[in-house]
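Take a look at the structure below.
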Amino acid sequence: MRLRNKPWAEQLIQEHPELISVNPTDMAGKWQTKFAQVQPIELELGSGKGKFIIEKAQKNPQINYLAMEVQTAALGMILKRQIELQLPNLQLLQANGRDINSLFAREEITKLYLNFSDPWPKTRHTKRRLTAPNFLEQYQDILLAPGNIEFKTDNQGLFEYSLVSCNNFGMKFDEVLLDLHQSERAAANITTEYEEKFSKKGQPIYFLAAHFK
Ligand SMILES: C[S@@+](CC[C@H](N)C(=O)[O-])C[C@H]1O[C@@H](n2cnc3c(N)ncnc32)[C@H](O)[C@@H]1O
């Protein structure tokens, strides 16, 4: 998903280093210092416009949340909301996930969310899928045991690929749902922008919870 360019976003990001870190080279092992309180850090990789992570942070003040996204326009939208809300347990990070383990120390993150990640359907782009082994290896390093990941998608091809990839990597599955919104998890589920869009069209939402260790 590429959002239309938002000329104001870059300047807004530069004006708020207290809320957003841009391609940091020195933050590994220090993320707790960005938050008001030392408490578990959960990370969403590919936060889009931030609906999910903002609601998570509002509902769970006992957890610190990090919204990681590569697109300036999307981050500008999250940042605008966070400037209004000033949630003490939400920080933003602009960086590309392909180098994720250079951004964090080992075991610095308690849980990882991958929501409606880009499907990259062409075989030659397999390595760009956020559940490809080159990503799983890095997640395993930065996640504290048991190394929890939650993954949601509308895309059957990406879901099937992810099940195989996580299984081949030796991950243990905690829950696999073929229709999240018709499950016991539905009541507590916090939706993302993409999830709202696809479920309104009647598409089922696939869900995987798994751990490494
Ligand atoms: C399809 S959108 C989904 C957005 C949101 N999670 C949702 O469910 O509404 C995928 C998002 O992941 C971001 N993204 C994709 N690959 C990424 C990467 N390697 N590093 C950081 N962000 C990435 C994209 O910029 C885009 O905003």
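Hey, can you tell me all the residues within segment 29-50 that are surrounded by fewer than 17 Cβ atoms within 10 Å (Cβ to Cβ) and touching a Lys or Arg at 6+ places or on another chain (Cβ under 9 Å)?
GLY29, PRO40, listed by residue number.
Determine if segment 97-117 includes at least one residue that is closer than 21 Å to GLU196 by Cα, part of a loop (DSSP other than H, G, I, E, B) and small (Gly, Ala, Ser).
The answer is yes; a qualifying residue exists.
Identify all residues within segment 177-196 that are open to solvent by less than 40 Å² (accessible area, probe 1.4 Å), part of a loop (DSSP other than H, G, I, E, B) and more than 25 Å from MET77 (Cβ to Cβ); write none if there are none.
Matches in segment 177-196: SER183 only.
Provide a single number: the residues in segment 102-118 that are buried (at least 18 other Cβ atoms within 10 Å of the Cβ), within 13 Å of the ligand (Cβ to nearest atom) and not aliphatic (A, V, I, L, M).
4
Taking the residues in segment 197-213 that are part of a helix (DSSP H, G or I) and touching a residue at least 12 places away in the same chain (Cβ under 8 Å) as candidates, determine which candidate is surrounded by the fewest Cβ atoms within 10 Å (Cβ to Cβ).
By that ranking, first place goes to SER199.
Among the candidates ASP154, ASP174, which residue alone is in contact (Cβ under 8 Å) with a residue 24 or more places away in the chain, away from the ligand (no atom under 13 Å from the Cβ) and not aromatic (Phe, Trp, Tyr)? Give the derivation first.
Working: ASP154 fails: away from the ligand (no atom under 13 Å from the Cβ).
Selected residue: ASP174, the only one of ASP154, ASP174 that is in contact (Cβ under 8 Å) with a residue 24 or more places away in the chain, away from the ligand (no atom under 13 Å from the Cβ) and not aromatic (Phe, Trp, Tyr).
The values are calculated or read from the model by the stated rules, or taken from the named source; none is laboratory data. Because the structure is a prediction, the values reported are computed rather than measured. Here Cβ is always computed from backbone atoms with ideal geometry, including for glycine, and neighbour counts include all displayed protein chains. Please note that ligands, DNA and RNA were not included when accessible areas were found on the heavy atoms of the full protein model with its side chains. Shrake-Rupley method; radii C 1.70, N 1.55, O 1.52, S 1.80 Å.
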